[in-house]
1. With the checklist (1) of a type in the set (S, T, N, Q); (2) in contact with a Lys or Arg (Cβ under 6 Å, 6 or more places away or on another chain); (3) farther than 30 Å from B:Glu230 by Cβ in hand, flag the one item B:Thr171 doesn't pass.
2. For region B:45-68: of the residues being under 19 Å from B:Gln222 (Cβ atoms) and hydrophobic (A, V, I, L, M, F, W, C), which is nearest to the other protein chains (Cβ to nearest Cβ)?
3. Output the qualifying pairs, or none if there are none: Cβ atoms under 6 angstrom, residues six or more apart or on different chains, first residue in region B:211-229 and away from ligand 1 (no atom under 12 Å from the Cβ), second residue not in a strand (DSSP E or B).
4. Since B:Thr122 meets every condition but one in (1) surrounded by 17 or more Cβ atoms within 10 Å (Cβ to Cβ); (2) away from ligand 1 (no atom under 16 Å from the Cβ); (3) of a type in the set (Val, Ile, Thr), which condition does it not meet?
5. Are any residues in region B:12-61 assigned to a loop (DSSP other than H, G, I, E, B) and within 16 Å of ligand 2 (Cβ to nearest atom), and if so, which ones?
6. Do we find a residue being within 14 Å of another protein chain (Cβ to nearest Cβ), surrounded by fewer than 20 Cβ atoms within 10 Å (Cβ to Cβ) and modelled with pLDDT of 95 or more anywhere in region B:148-157?
7. Name the residue, out of A:Asn217, A:Asn195, A:Asn234, that is out of contact with any Ser or Thr (no Cβ under 7 Å at 6 or more places or on another chain), polar (S, T, N, Q) and surrounded by fewer than 23 Cβ atoms within 10 Å (Cβ to Cβ).
8. Mind listing whichever residues of region A:221-253 are outside any loop (DSSP other than H, G, I, E, B) and within 17 Å of A:Asp189 (Cβ to Cβ)?
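The values are calculated or read from the model by the stated rules, or taken from the named source; none is laboratory data. Everything numeric in this text was worked out from a predicted model, so none of it was measured. Cβ coordinates were reconstructed from backbone atoms using ideal geometry, including for glycine residues, and neighbour counts include every protein chain displayed.
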Amino acid sequence: MTLNDFKAQKLQEFDALPLPSRSEENWRFGNLKQGKHETIESFRAADTSVTNAAFIHSVTDLSDDQLKRLAPLLEKSGATLGSPKVTALALSNIESALFIDIPSNEILEEPIIIDYSVISASANNTLLFIHAGACSQFSVVEKYTSNDNAPSTTVGVTIIHSEASATVKHLAIQSVQEESRITFHHRVDGGKDSNISSCILNTGAAWARSEASAYLNENGAHANLLSVSVPNENQEYDQRTFQSHASPHTTSDLLYKNSLYDKAKTVFSGLIFVEEKAHFTDAYQTCRNLLMSDTTEANSMPGLEINADQVKCSHGSTSSTIEEEEIFYLKARGIDPQTAKQMIARGFLIEVIEKLSDEKLETLATEALDQKLAQLRLG
Amino acid sequence: MSLVINNLHAKIADTEILKGVNLEIPTGEIHAIMGPNGSGKSTLSKIICGHEDYEVTAGTITMDGQDVLELDVDERSRAGLFLAFQYPMEVPGVSNANFLRAALQARLPKGEEIDAVKFYHTMYEKMDFLEMDRKFTGRAVNEGFSGGEKKRNEILQMMMLDPRYCLLDETDSGLDIDALKVVAKGVNSMRAENRGFLLITHYQRLLDYIKPDKVHVMADGQIVRSGGFELAETLEAEGYDFLKS
Ligand SMILES: Nc1ncnc2c1ncn2[C@@H]1O[C@H](COP(=O)(O)OP(=O)(O)OP(=O)(O)O)[C@@H](O)[C@H]1O
Ligand SMILES: [Mg+2]
């Protein structure tokens, strides 16, 4: 399929698909105030700058070989967890997409960092396709900020496809202007014995919806799905996840942590799906909410569907406040109560960031987290 | 200069646990409290450092003349009180180094920043002294530490924070003999004219390494006997039954 055919197909999908409605499971508890979405007729690419750009290309400049590698990623790029309509429209802007094409055995010391500056008063798209060659090792960071202090709408699509034994780390940092709306569609497809981590860190926007899917269709593939969110005031984050195991000996580990302040609200809905032939699957799913005030709302809907034998799966969600005894311990060392609470909340979230096991990515994520924590007023 | 506990009564929920405790720990001295399980030793130490679960119904606590009961937990610590806990908390995601740093930072005037190089230098020095592996600086506070490692970590905190009055609640329990010697070394190194200690313990063994100036026995929420080191020896030999005679 040519890029033009793809574009036409996505426009057609957009026209044909209905708007999301409350009766759909994926939008239960979700915020349907689509605001500007109904009136969006076209997307524009967010302003983009790249650090460490050797392997990143515009999809309009690809060789035939590269187009061949891109094709399966395009095929899998549609959103499946509730936002196919806006995602189709964003994908129709395919000529603005970037393709990271890492050759086999290539090991990058430095992360590829993509800075997106979303443009206020318009609908932005970011489209990123990543192909990890066999045994390659690298990391990619996507940073979302706003170009000025006015609201915007953004759809971010990141599709990662790895060949055998690749190690990929992906970190998306969302800190757009606080009245903005943003929807993410992240998908990873792990090759044989590959190890892919994808982490999303949300601090900005009025409303952010993230869909993260891991497809483990090859023996030995492993995926880590991670998320850190720090909503405050009236921010709402809606998180949808899917861990799909279609081959034996595949593993996935999901850890989502939310620290909620003021009147913030989060929705977590996740599904682990193990196909009949996917024996010896290990799949874990944990969502933990830390309620920093008594006016927050955290909804969790963990889910499991297992059709194979010899499977280790667990899912769970917890919502709790900080234990008084823990605060007491810090206070007993002279730390004032506000600082103590912040340290504990930070520690709670840092545990997710540490799972990236990459010093540079951890530093970037921690900086973004600290920036948000510094802004919070504590009651 | 001394830490003075005068006629202290305290309750939790509706149970009175301390029933008139009188105790004076002058600086330069080490006092030990022994006593049966449930007699109120940990309760006393937690009330001194300000635990909110207990209600003080009568009595006073003063530190060099300053009213301690008026101060919040964190203020008491900054004023120079330190309690090494019987069961130290785990603080996930907060590294030992960051924890100590925050505790020291809290003691500085507003706007003043801790000197990071000096901080690490001092911390490593104390860790070496306590024979603690440096990997503990990066690990989350007490998380996954063995019982003995937690106790040693409490002593590290004590050495870093340089308090005027140190309360140690069963720091010796669960320690192997080498760890006990290390803890004793830490305490002895801090022994000073301007510092007082209160050791809560069940065993004379600790007192063989840290010679106390006075030994007190607590029973049913009161100090019922006070004496010298020989009191600990009597307890070791006869158990608490001798209190009844
Ligand atoms: N939250 C509570 N509610 C009710 N009773 C309590 C509570 N906390 C402590 N107590 C009681 O207070 C009494 C004193 O407890 P404390 O921990 O001070 O004893 P202790 O002398 O330190 O004992 P040990 O030698 O076993 O450490 C005990 O009988 C205990 O059960
Ligand atoms: Mg006790």
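1. Failed condition: (3).
2. Initially, region B:45-68 is screened for residues under 19 Å from B:Gln222 (Cβ atoms), giving B:45-48, B:54-61.
Then keep just the ones that are hydrophobic (A, V, I, L, M, F, W, C); that gives B:47-48, B:56, B:58, B:61.
On the way: B:Ile47: 12, B:Ile48: 11, B:Val56: 16, B:Ala58: 23, B:Ile61: 15 Å.
Within region B:45-68, the match that is nearest to the other protein chains (Cβ to nearest Cβ) is B:Ile48.
3. Pairs that qualify, where the first residue is away from ligand 1 (no atom under 12 Å from the Cβ) and the partner is not in a strand (DSSP E or B), are B:Asp213/B:Glu29; B:Val215/B:Leu231; B:Val215/B:Ala232.
4. (1) is the only condition that B:Thr122 fails.
5. To start, the set of residues in region B:12-61 that are assigned to a loop (DSSP other than H, G, I, E, B) comprises B:13-14, B:27-29, B:35-40, B:50-54.
B:Gly35, B:Pro36, B:Asn37, B:Gly38, B:Ser39, B:Gly40, B:His51, B:Asp53, B:Tyr54 - these are the residues of region B:12-61 that are assigned to a loop (DSSP other than H, G, I, E, B) and within 16 Å of ligand 2 (Cβ to nearest atom).
6. Our first condition is that a residue be within 14 Å of another protein chain (Cβ to nearest Cβ); within region B:148-157, this holds for B:150, B:153-157.
Checking the rest, the ones that are also surrounded by fewer than 20 Cβ atoms within 10 Å (Cβ to Cβ) come to none.
Checking region B:148-157: not a single residue is within 14 Å of another protein chain (Cβ to nearest Cβ), surrounded by fewer than 20 Cβ atoms within 10 Å (Cβ to Cβ) and modelled with pLDDT of 95 or more.
7. Working: A:Asn217 fails: out of contact with any Ser or Thr (no Cβ under 7 Å at 6 or more places or on another chain); A:Asn195 fails: out of contact with any Ser or Thr (no Cβ under 7 Å at 6 or more places or on another chain).
The unique qualifying residue is A:Asn234.
8. Across region A:221-253, the qualifying residues are A:His222, A:Ala223, A:Asn224, A:Leu225, A:Thr241, A:Phe242, A:Gln243, A:Ser244, A:His245, A:Thr251, A:Ser252, A:Asp253.
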